[in-house]
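K.L.:
Below is one structure. I have some questions about it.
The values are calculated or read from the model by the stated rules, or taken from the named source; none is laboratory data. Just so it is clear, the structure is predicted and the values come from calculations on it, not from any experiment. Glycine also receives a Cβ, built like all others from the backbone with ideal geometry; neighbour counts cover every protein chain displayed.
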Amino acid sequence: MLKSGNRGRWLAALALVAGLAGCDQKPAGKTDFSGGVVDGWPVWGHSHLGQRYSANTQITAENVKDLKVAWTYRTGDLSEPGKHADLAFEATPILADNTLYLCSPRSRIIALDPTTGKQKWMFDAHPDTRGATVITCRGVSYWKDSKATGTCSQRIFGGTIDGKMWALDAQTGKPCEDFGDHGKVDLHEGLGTIEKPALWGISSAPTVVGDMVITGSKIIDFHNTDMPGGVVRALDARSGKIVWAFTAAPPDQPQGDAQHYPRSAPNVWAPMSVDVDRKLIFLPTGTPQVDSYIGKSDWDYYGSSVVALNTDTGQPVWHYQFVHRDIWDYDSPSQPLLFDYKSPDGKTIPALAQATKMGYIFVLNRETGVPIFPVKETPVSTGGIQKGLSPTQPIPVLPEHEVQLTKVTDKDIFGFALVDRWDCLKRFHKLVNEGIFTPYYDKPSVDYPNSLGGMDWGGLTFDPGRNMLVVNSSSILAAHHLAPHQGTDGYSPLIGTPYRQVYDNMMSMFGAPCNAPPWGRLTGINITTGKKVWEVPLGTTRDEAPWPLWFPLGVPNQGGAITTASGLTFIAATTDRYFRAFSTETGKELWRVSLPAAGQSMPMTYRLDSGGRQYVVLSAGGHSALQNRQGDYVIAYALP
């Protein structure tokens, strides 16, 4: 990523400038909004399938250039000076009962008028953020009681970074007194010792299935071998009582109970998806603690996998593991996408697609967990400090998605000029380089892709009409090693092991990644064949480097895309603070608009009635880990 502090040195590369040109488009004449499809956005991924696909067609490839800001709302999260350094505004609103509901990083749960952006109510959960590395909340969920009317017959469920589940009356925002303890359930109960409240919490929207609200947890990575377990709990939506719990402990290990859940078991921090007809809920799992050092290796059974549970009982039906003995923090980072796979011979198979931090996409039969595209167990290095690594890793043959190479070589090292490439090459040659899944050594080794991906929580979107999978990804060369402890401070102390994790700089003297761009991509894949239809760089170096050094190279991104029936893909996610629309069929950029802060989030779109406008809404607040401009904006766009 290009840093503004390197602007003077960047001027040395002026001879290589390929400037970006942008132009403002004049709006067309008055739009007729009558007729056409009406579609909302009732849950985080649009539906429990997680396709993030809208049937709305009012905004098209022809008129998307005319989109204008319809309204703007600010959450107030930045109202306390000096207290927002670790925020990431990643929320996607939902639309229910003609109201938009969302959460801010500080767990302010908010209800907005969807046509004006005017606040209806706001509830501040006041989470205790001590221990959090990034303070975020990706979304809330809605439930309607089929057996009651009046107060709290419609509820908004929101989890907090310090492990509370709140139930609020959807009309007023007041806590539902009959849920847990006056409106909240403390999910820290049964977990044992928690050193700081936000070491274990909730970052993603809970999943509502029938009369249950189901939630996983966020656990701080690389911290301690003895951490609270990653239990997934189904709560009664009325009372908050536990209906069932899944602990991700191996089948031959004690599963625990509501008073004593197993410690350090894999967690589920990303959103889940549901096949209601088959009564299956799909969990993307993380790693056993402590990530980069093998501790309870026998607890790897459900780690870095997707696990299918029966929604009635919480019992496992099948699971498929994407990384064996995961020490790289390559946990399953995003909501599994459920779709109907149409095979070349005309058969239709209920399928699941999972994006991974390695840049691979696995496509499985969602009834059985059997891969639809071939997967090869590929030999990898078992060197390094740790013992017990897997000698092979599963690598899918298809779908095509070239994020990582089998092994980074000299030809993959980049520089804007000879001097910075030479410096990167010199440092690259000192790394232990055994390809993807290079283990940890006591000296710097290749970390590619790093634990941000590949793909991260932004995941996948699917256009069923065009049979097109669309995915955004990053591609950054990094390096790391294990070193003896120097106390317990720092981001990766690995408490309980002989080591701490050290991150080694692999950015150039100009502040850019040492590997060749694009550092960020947007890709369209025909899901029947698994072949790429198009791939384009996603983002520019604008806002990370001074003018005129704004290169269309593709940049690291955090956030996700959505697709619409009119053939549009909307995505922000980039560090250059643009919100963009692409053609889903060709990858051509059709529209972009500058944001007041980067949109490290996933947009959503809706239309309330057949005479109204289609809105596209995005949270724009930046991300502290990307060191970009912070904000607290929710912005809606529509045709004039």
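K.L.:
Testing Y633 on (1) more than 20 Å from T136 (Cα to Cα); (2) modelled with pLDDT of 90 or more; (3) out of contact with any helix residue (DSSP H, G or I) (no Cβ under 9 Å at 6 or more places or on another chain); (4) among the aromatic types (F, W, Y), one condition comes back false. Which one is that?
P.N.:
The single condition Y633 does not satisfy is (1).
K.L.:
Look through A258, A308 and report the one residue that is in contact with a Gly (Cβ under 7 Å, 6 or more places away or on another chain), aliphatic (A, V, I, L, M) and more than 30 Å from F462 (Cα to Cα).
P.N.:
A258
K.L.:
Under the condition of being under 15 Å from the mean Cα position of the chain (by Cα) and in contact (Cβ under 8 Å) with a residue 60 or more places away in the chain, which residue from segment 567-584 is surrounded by the most Cβ atoms within 10 Å (Cβ to Cβ)?
P.N.:
A573
K.L.:
On to the next question. Restricted to segment 405-444, and to residues that are of a type in the set (S, T, Y) and surrounded by fewer than 22 Cβ atoms within 10 Å (Cβ to Cβ), which residue is farthest from A270 (Cα to Cα)?
P.N.:
Among those residues, the one meeting the criterion is T409.
K.L.:
Take G511 and decide whether it is in a loop (DSSP other than H, G, I, E, B) and among the small types (G, A, S).
P.N.:
yes
K.L.:
Related question: Does segment 97-143 hold any residues that are among the β-branched types (V, I, T) and touching a Pro at 6+ places or on another chain (Cβ under 9 Å), and which are they?
P.N.:
Just the residues of segment 97-143 that are among the β-branched types (V, I, T), to begin with: 99, 109-110, 115-116, 129, 133-136, 140.
Result: T99, I110, T129, V134, I135, T136, V140.
K.L.:
Which of the residues belonging to segment 431-473 are of a type in the set (A, V, I, L, M) and under 15 Å from R521 (Cα atoms)?
P.N.:
L452, M455, L460, L469, V470, V471
K.L.:
For segment 332-358, which positions are assigned to a loop (DSSP other than H, G, I, E, B), within 20 Å of the chain's Cα centre (by Cα) and under 17 Å from P396 (Cβ atoms)?
P.N.:
Selection gives S332, P333, S334, P336, T356, K357, M358.
K.L.:
Which pairs have Cβ atoms under 9 Å, sit 6 or more apart or on different chains, and link a residue in segment 378-391 that is at positive phi to one that is outside any loop (DSSP other than H, G, I, E, B) and at pLDDT 95 or above?
P.N.:
Within 9 Å, the pairs are G384/V432; G384/S445.
K.L.:
Take the residues in segment 445-455 that are assigned to a loop (DSSP other than H, G, I, E, B) and of a type in the set (S, T, N, Q); name whichever of them is surrounded by the fewest Cβ atoms within 10 Å (Cβ to Cβ).
P.N.:
Quick first cut of segment 445-455, residues assigned to a loop (DSSP other than H, G, I, E, B) only: 448-455.
Subsequent filtering for residues that are of a type in the set (S, T, N, Q) retains 450-451.
Details: N450: 22, S451: 19.
By that ranking, first place goes to S451.
K.L.:
In this structure, does R138 turn out to be in a loop (DSSP other than H, G, I, E, B), in contact (Cβ under 8 Å) with a residue 40 or more places away in the chain, among the basic types (K, R) and in contact with a Ser or Thr (Cβ under 8 Å, 6 or more places away or on another chain)?
P.N.:
yes
So that you can scan it fast, the table gives a plain yes or no per residue for (1) of a type in the set (K, R); (2) in contact (Cβ under 8 Å) with a residue 40 or more places away in the chain; (3) more than 30 Å from Y53 (Cβ to Cβ); (4) in contact with a Phe, Trp or Tyr (Cβ under 8 Å, 6 or more places away or on another chain):
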{"site": "M468", "(1), (2), (3), (4)": "no, yes, no, yes"}
{"site": "A479", "(1), (2), (3), (4)": "no, yes, yes, yes"}
{"site": "L482", "(1), (2), (3), (4)": "no, yes, yes, yes"}
{"site": "P493", "(1), (2), (3), (4)": "no, yes, yes, yes"}
{"site": "P498", "(1), (2), (3), (4)": "no, no, yes, no"}
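K.L.:
Identify all residues within segment 85-115 that are closer than 21 Å to A597 by Cα and surrounded by fewer than 22 Cβ atoms within 10 Å (Cβ to Cβ); write none if there are none.
P.N.:
Listed by number, the residues that qualify are A85, D86, R108.
K.L.:
Continuing with this model, one more query. Quick check on segment 331-344. Is at least one of its residues modelled with pLDDT of 95 or more and under 18 Å from G229 (Cα atoms)?
P.N.:
Within segment 331-344 (the criterion being modelled with pLDDT of 95 or more and under 18 Å from G229 (Cα atoms)), the answer is yes, since at least one residue qualifies.
K.L.:
Considering every residue within segment 307-322, establish whether at least one is within 19 Å of P464 (Cα to Cα), modelled with pLDDT of 95 or more and part of a strand (DSSP E or B).
P.N.:
Among the residues of segment 307-322, not one is within 19 Å of P464 (Cα to Cα), modelled with pLDDT of 95 or more and part of a strand (DSSP E or B), which makes the answer no.
K.L.:
For segment 155-171, give me each residue that is touching a Phe, Trp or Tyr at 6+ places or on another chain (Cβ under 8 Å) and assigned to a strand (DSSP E or B).
P.N.:
Result: R155, I156, F157, G158, G159, M165, W166, A167, L168.
K.L.:
Could I ask something else about it? Can you tell me which residue is surrounded by the fewest Cβ atoms within 10 Å (Cβ to Cβ) among those in segment 256-279 that are more than 25 Å from G190 (Cα to Cα) and not acidic (D, E)?
P.N.:
From segment 256-279, those more than 25 Å from G190 (Cα to Cα) are 273-279; that's our starting set.
Filter once more, so that each one left must be not acidic (D, E): 273-274, 276, 278-279.
Details: S273: 28, V274: 25, V276: 13, R278: 15, K279: 15.
Among those residues, the one meeting the criterion is V276.
K.L.:
Take T564 and tell me if it is of a type in the set (V, I, T), in contact with a Lys or Arg (Cβ under 7 Å, 6 or more places away or on another chain) and either at pLDDT below 95 or on the phi < 0 side of the Ramachandran plot (or both).
P.N.:
no
K.L.:
From the list I214, I220, which one is touching a residue at least 12 places away in the same chain (Cβ under 8 Å) and in contact with a helix residue (DSSP H, G or I) (Cβ under 8 Å, 6 or more places away or on another chain)?
P.N.:
Checking each option against the conditions leaves just I220.
K.L.:
Within segment 172-223, can you find the residues that are surrounded by fewer than 24 Cβ atoms within 10 Å (Cβ to Cβ), in contact with an Asp or Glu (Cβ under 7 Å, 6 or more places away or on another chain) and in a strand (DSSP E or B)?
P.N.:
M212
K.L.:
Tell me, which residue of segment 395-417 that is assigned to a strand (DSSP E or B) and of a type in the set (V, I, T) is nearest to T438 (Cα to Cα)? First the steps, then the outcome.
P.N.:
Our first condition is that a residue be assigned to a strand (DSSP E or B); within segment 395-417, this holds for 395-396, 413.
Next cut, of a type in the set (V, I, T) only: 395, 413.
Details: I395: 15, I413: 18 Å.
Among those that are assigned to a strand (DSSP E or B) and of a type in the set (V, I, T), it is I395.
K.L.:
Follow-up question, since we're still on this one. Only residues that are out of contact with any His (no Cβ under 9 Å at 6 or more places or on another chain), outside any loop (DSSP other than H, G, I, E, B) and buried (at least 16 other Cβ atoms within 10 Å of the Cβ): list them for segment 371-394, please.
P.N.:
Result: P371, V375.
K.L.:
Check G369, G415 and return the single one that is within 30 Å of G530 (Cβ to Cβ), of a type outside the set (S, T, Y) and in contact (Cβ under 8 Å) with a residue 60 or more places away in the chain.
P.N.:
G369
K.L.:
If you don't mind, another one. Among the numbered criteria (1) more than 26 Å from the chain's Cα centre (by Cα); (2) part of a loop (DSSP other than H, G, I, E, B), which one does P493 miss?
P.N.:
Failing condition for P493: (1).
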